[in-house]
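**Student:** Dropping a structure here in structure tokens format, bear with me for questions.
What follows is calculated from the coordinates using simple rules that are stated; it is not laboratory data. Quick caveat, the model's predicted, so the values are computed rather than measured. No Cβ is skipped: glycine too gets one built from the backbone with ideal geometry, and neighbour counts run over all protein chains shown.
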Amino acid sequence: MAYALSRQKWRVLVLEAGPRFDPSKDFKLHSDAWEKQGFPHKAGSEGRHAFAALQELDPELNDLYSWNSVDGRLNRTPHRRPYKYNHVLGLGGSTLAFTGESHRMHPESMQMRSRYGVAADWPMTYDALEPYYCEAERLVGVAGPSDPGARWRSEPYPLPAHPLGYASRRIADGASALGIKWGPNARAALSQPYDGRPHCNYCSNCNRGCPRTDKGSVDVTFLRKAEASGHCTIRTGITVTRIEAGADDRVTGVHVVNSAGENEFIATPKLIVSCGAVETPRLLLASANQHAPNGLANESGQVGLNFMETLAWTTSALHPENLGSFRGLPSDSISWDFNAPDAIEGVVGGCRFTTGMSEAALNGPIAYAQRIVGGWGRSHRVAMREAFGRILSVGAIGESLPNRGSYIDLDPSEVDTNGIALARIHSQLDDADIKRLSFMRTTARAILEEAGCNKVVEEYGSYDFFSSTHVFGTCRMGTDPETSVVDSFGKSFRWQNLHIMDASIFPSSGGGESPSLTIEALGLRAAAHMAT
């Protein structure tokens, strides 16, 4: 929205809680320590959050426990364990560390209530969002396949799809043997030089930050162009602690702690909140006052509810041949065969499958040594030489549907350094989630077996751990002010100059689609409406 509004010569101020990252200096994939550092978080680039107690595990569901061949079962407690909400505070947000899958929503996934009786319908159709999908893809430089599948397109992708890596082709062979279609994934990584940025070099480390800027993160695409317009100012290290709500159904500004640790009040004629599905409801609830006693924009009581998380599974196995599987573009290929809401027999809500070696961080020798190859000394060295490059992984992400046990509220006891209550994550998996996870596990194993793998060495998933990158739904958009928080353009039903634009407004999560492109398309659509 900063890009689109500044293009219309609006004066835009972006307040970012985290730091600015310099790709050429901060993402040190050339260094010897590249694997140990993961994504190189700076001071202030990770927020804090709390967890409520998570659900008890069922010993009968042993097949859904996470494990690897070195450590065995990874969660030995009787309860689901919180690992983390994976996010980045920084200019560009979590796109700095995302893989860069660039997906449109399945059209049927936008009508989950009317078609399937679950979640809520989106207050617009796929057709209304399609032109903005195209615009976002052009700005990012998405490389995608010629066959759009269920997601019709008015124009082709800006760039041709990336060729499948050697290891991915083996997985595709396994899927094909089961009658599963497997092809190139749509990726926010340049397959050719584009818009002053170089093409991808296939280093397989998108999640550790891209030093070349070929990955289409928000900092090198939308925000680069917003700043170049001369109408957008960006301030980093600015923590918004409270939104000030006035008596006339308008917000007057924001209270912040600036980079020097000083308190400021910044007045605004229009405010757009884009903090994500965990921090956006936290800020709204923490902004309660006499004009909004239950929290800002919470007249419906829906702020924080309808939380949807990343429902995920990954199976990794050894192949008899050395495939050099640590190389290539992460998630370069995908299957959408089970993505539609009715595609999995006996359960509402679909899923997708992708190559998963890099997202499982099995693209370096340290990961192999710690998780795949046991032992020590000479025997360990021999085993490492034999195993390295032979791992194939199939990852899956599935639909997450709202339930009463999953929501965000304010923690009653834990606060941040500014004295503001932390967001508290409540997460519960219901029977449908477990059925979906079981299908994802069974199918991933079958694909790897048909691909020629002879030994499963690691599996992990959402059943026994909370570990989410994609989170949705806590400020749901809709047409009814009684059951939703904002309208189809992200505007509060009551507060006339308050807008929300992030995945918190999603009424449903989709059957595994990565959300960044949809967030960008929604933002472009909302900005176009605001500017008229």
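**Student:** Under 5 Å between amide hydrogens, which residues at least 5 positions from E414 or on another chain qualify, with H placed 1.01 Å from N in the peptide plane?
**Tutor:** Here L422 satisfy the definition.
**Student:** Rounded to the nearest 5, what % of the DSSP beta bridges within the chain are antiparallel ones?
**Tutor:** Beta bridges within the chain, antiparallel portion: roughly 75 percent.
**Student:** In deg cm²/dmol, rounded to 500, what helix-only [θ] at 222 nm does the chain give when every DSSP H run of at least 4 residues adds -39500 (n - 2.57) and the total is split over its residues?
**Tutor:** -6500 deg cm²/dmol
**Student:** Choose one of Y3, C351, A527: the residue whose Cα lies farthest towards the positive end of the charge dipole of the chain (beta-carbon charges +1 Lys, Arg; -1 Asp, Glu; about the Cα centre).
**Tutor:** Farthest towards the positive end: Y3.
**Student:** Let me ask you something else. Based on the mean of other Cβ atoms within 10 Å per residue, sort peptides 168-176, 233-241, 520-528 so the most packed one is first.
**Tutor:** Ranked by mean Cβ neighbours within 10 Å, highest first: 520-528, 168-176, 233-241.
**Student:** Evaluate the charge dipole of the chain about its Cα centre and quote only its size in Debye, nearest 20, assuming +1 on the Cβ of each Lys and Arg and -1 on the Cβ of each Asp and Glu.
**Tutor:** Here the chain has a charge dipole of around 1380 debye.
**Student:** Could you give the size of the charge dipole of the range 44-177 about its Cα centre, using +1 on the Cβ of each K and R and -1 on the Cβ of each D and E, expressed in debye and rounded to the nearest 20?
**Tutor:** 340 debye
**Student:** Same structure again: Relative to the first principal axis of the alpha-carbon coordinates of the chain, what is the inclination of helix 516-530, with its axis defined by its Cα atoms, in degrees from 0 to 90 and to the nearest 10?
**Tutor:** 20 degrees
**Student:** As an exercise, take the mean of 1/r over every pair of distinct alpha carbons in the range 442-532, invert it, and state the Kirkwood radius in angstroms. Numbers along the way, then the final one.
**Tutor:** On the way: mean 1/r = 0.0626 Å⁻¹.
Averaging 1/r across every pair of different Cα atoms and inverting gives 16.0 Å.
**Student:** In the range 310-370, what GluC sites (Glu not before Pro) fall in a loop by DSSP, with at most 11 other Cβ atoms inside 10 Å?
**Tutor:** E345
**Student:** Show me 95-105, 464-474 ranked by packing, highest mean number of other Cβ atoms within 10 Å first.
**Tutor:** Ranking the peptides 95-105, 464-474 by packing returns 95-105, 464-474.
**Student:** What list of whole percents do you get for P(r) of the range 226-351, with Cα-Cα distances grouped in 10 Å bins up to the one holding the largest distance?
**Tutor:** Bin by bin from 0 Å, the calculated values are 9, 25, 21, 19, 19, 6, 1.
**Student:** Something else: Counting Lys and Arg as +1 and Asp and Glu as -1, each charge on the Cβ, what is the dipole of the range 1-107 about the Cα centre in debye, to the nearest 20?
**Tutor:** The calculated dipole for the range 1-107 is roughly 660 debye.
**Student:** Here is a follow-up. Give me the angle, in degrees from 0 to 90, between the Cα long axis of helix 166-177 and the longest principal axis of the Cα atoms of the chain, rounded to the nearest 10.
**Tutor:** The angle comes out at about 80 degrees.
**Student:** Enter the angle in degrees (range 0 to 90, nearest 10) between the Cα long axis of helix 126-140 and the first principal axis of the Cα atoms of the chain, meaning the one along which they spread out most.
**Tutor:** Tilt relative to the chain: about 70 degrees.
**Student:** How large is the direction-averaged shadow of the alpha-carbon convex hull of the range 294-385, in nm²? Don't skip to the answer; put the middle values down first.
**Tutor:** Working: hull surface 44.2 nm².
Quarter of the Cα hull surface area: 11.1 nm².
**Student:** Put +1 on the Cβ of each Lys and Arg and -1 on the Cβ of each Asp and Glu in the range 391-488; which of I447, P402, L422 then has its Cα farthest toward the positive end of the dipole?
**Tutor:** I447
**Student:** Taking the convex hull of the Cα atoms, report for the range 1-102 its projected area averaged over all directions, in nm². Let's see the in-between values first.
**Tutor:** On the way: hull surface 44.0 nm².
Projected over every direction and averaged, the Cα hull of the range 1-102 covers 11.0 nm².
**Student:** If you find the alpha carbon centre of the range 242-258 and of the range 270-309, how far apart are they in angstrom?
**Tutor:** The two parts, judged by their Cα centres, are 13 Å apart.
**Student:** In whole Å and largest first, what semi-axes does the C-alpha gyration tensor of the chain yield when each eigenvalue is scaled by 5 and square-rooted? Provide the component values of the computation, followed by the final result.
**Tutor:** Numbers: eigenvalues 264, 127, 114 Å².
Each semi-axis is the square root of five times an eigenvalue, giving 36, 25, 24 Å.
**Student:** Just to be sure I follow the rule: in the chain, considering lysines 8 or more places apart or on different chains, how many pairs have Cα atoms under 16 Å apart?
**Tutor:** Pairs that pass both the separation and distance tests number 9.
**Student:** Taking the Cα centre of the range 74-230 as the origin and placing charges on Cβ (Lys, Arg +1; Asp, Glu -1), which of T213, A228, P193 is farthest toward the positive end of the dipole?
**Tutor:** T213
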